[in-house]
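Notes for the one structure printed next.
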Amino acid sequence: MSTLSSTDLAALLVSVAEDKKAWDPVVLDLRGKTTVADYFVICDGETDRQLRAIADAMLERTRQERIRPLAVAGYDEATWILLDFDSVLAHIFLPGERAYYDLEGLWEGRSASRASRSAG
């Protein structure tokens, strides 16, 4: 059983996304605002192949921490892949899908923060 907090899990997922060259990773802090999750991790990639690579890397890294997702959706279509880790939901989009669904806009004013690419 992992002892990672939801905050640490969100940071881990962003780090993995950055390692796989995901575009513009964002963490939405939803704590105290909804029961859906504590955090959304949102990023996008250039191709369906890159989206699957990002998702695979996230799944592999969380597996190393003994964390398994409750659900994985959209993997075959790879336009929007959702990894449900209960307190953290990872959304991996193609750019057009991210713009269309605009999760950041839906949660505007919900403590959105851009992941720092310079953070080590």
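The values are calculated or read from the model by the stated rules, or taken from the named source; none is laboratory data. This one's a predicted model, so the numbers in the text were calculated from it and none came from an experiment. All Cβ positions, even for glycine, are placed from backbone atoms using ideal geometry, and neighbour counts span all protein chains on display.
List pairs: first in the stretch 69-83 and of a type in the set (Phe, Trp, Tyr), second surrounded by 17 or more Cβ atoms within 10 Å (Cβ to Cβ) and in a loop (DSSP other than H, G, I, E, B), Cβ under 7 Å, 6+ apart or cross-chain?
Within 7 Å, the pairs are Trp80/Gly74.
In the list Asp44, Asp24, which residue meets the criterion of being in contact with a Phe, Trp or Tyr (Cβ under 8 Å, 6 or more places away or on another chain) and among the acidic types (Asp, Glu)?
Checking each option against the conditions leaves just Asp44.
Table: residues versus (1) among the charged types (D, E, K, R); (2) farther than 13 Å from Leu94 by Cα; (3) surrounded by fewer than 21 Cβ atoms within 10 Å (Cβ to Cβ).
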| site | (1), (2), (3) |
| --- | --- |
| Trp23 | no, no, yes |
| Val41 | no, yes, no |
| Gly45 | no, no, no |
| Ala53 | no, no, yes |
| Ala57 | no, yes, yes |
| Thr62 | no, yes, no |
| Leu70 | no, yes, yes |
| Ala73 | no, yes, yes |
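If only one of Ala17, Ala90 is among the small types (Gly, Ala, Ser) and in a strand (DSSP E or B), which one is it?
After applying the criteria, what remains is Ala90.
Is at least one residue of the stretch 75-83 in contact with a Ser or Thr (Cβ under 9 Å, 6 or more places away or on another chain), at pLDDT 95 or above and surrounded by 13 or more Cβ atoms within 10 Å (Cβ to Cβ)?
Taking every residue of the stretch 75-83 in turn, at least one turns out to be in contact with a Ser or Thr (Cβ under 9 Å, 6 or more places away or on another chain), at pLDDT 95 or above and surrounded by 13 or more Cβ atoms within 10 Å (Cβ to Cβ).
Considering only residues that are more than 16 Å from Gln64 (Cβ to Cβ), polar (S, T, N, Q) and touching a residue at least 12 places away in the same chain (Cβ under 8 Å), which ones fall in the stretch 1-46?
Residues satisfying the conditions are Ser6, Thr7.
Restricting to the stretch 14-29, name every residue that is within 21 Å of Ser87 (Cβ to Cβ) and hydrophobic (A, V, I, L, M, F, W, C).
The answer is Val14, Val16, Ala17, Ala22, Val26, Val27, Leu28.
Among the residues of the stretch 76-84, are any in contact with a helix residue (DSSP H, G or I) (Cβ under 7 Å, 6 or more places away or on another chain) and farther than 20 Å from Glu104 by Cβ?
The answer is yes, given that some residue of the stretch 76-84 is in contact with a helix residue (DSSP H, G or I) (Cβ under 7 Å, 6 or more places away or on another chain) and farther than 20 Å from Glu104 by Cβ.
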